[in-house]
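Notes to accompany the following structure.
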Amino acid sequence: MVINKKSDWFKENIMSYLSEFEVIEKKFSEGDFGDLEQIEFNSEKISGNIDFWSLGWVGVFVWDNICESEMLNILSEPQEEERIVESFNKLKEIIINN
């Protein structure tokens, strides 16, 4: 799955679960793993971001604003397709349950 396909897959399969969140899309060039497409989401209970790097790395981070603690923090290498999908599924589960 190339970077555009990963972010497109995310938008098609996960983004609808973020309808109750403030969502901010950002783009940065020349970061640690190439160019970065970031989707930040915020609510009263949880906040986080999904990072799609042009070199194929994908990061998923979720913060519990109530408990002030990390709920999920996964950085996947480009070849870890299964882990990337698992991290999206964990994110979806957290969003649904919060």
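The values are calculated or read from the model by the stated rules, or taken from the named source; none is laboratory data. These numbers were taken from a predicted model, which means no experiment stands behind them. Note that each Cβ is placed from the backbone with ideal geometry, even for glycine, and that neighbours are counted across all protein chains shown.
Numbers for the structure displayed
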{"quantity": "Residues located in the stretch 5-26, provided they are loosely packed, with under 15 Cβ neighbours inside 10 Å and not hydrophobic (A, V, I, L, M, F, W, C)", "calculated": "Lys5, Asp8, Lys11, Glu12, Asn13, Ser16, Ser19, Glu20, Glu22, Glu25, Lys26"}
{"quantity": "Check on Ser29, hydroxyl-bearing (Ser, Thr, Tyr), surrounded by 17 or more Cβ atoms within 10 Å (Cβ to Cβ), without any contact (Cβ under 8 Å) to a residue 60 or more places away in the chain and not in a loop (DSSP other than H, G, I, E, B)", "calculated": "no"}
{"quantity": "Search result, residues across the stretch 30-75 that are at pLDDT 95 or above, touching a helix residue (DSSP H, G or I) at 6+ places or on another chain (Cβ under 8 Å) and of a type in the set (Gly, Ala, Ser)", "calculated": "Gly48"}
{"quantity": "Residue match in the stretch 47-65 (condition: without any contact (Cβ under 8 Å) to a residue 60 or more places away in the chain, farther than 28 Å from Ser29 by Cβ and among the aliphatic types (A, V, I, L, M))", "calculated": "no"}
{"quantity": "Residue in the stretch 76-91 that is modelled with the highest pLDDT, counting only those that are of a type in the set (S, T, N, Q) and over 10 Å from the mean Cα position of the chain (by Cα)", "calculated": "Ser76"}
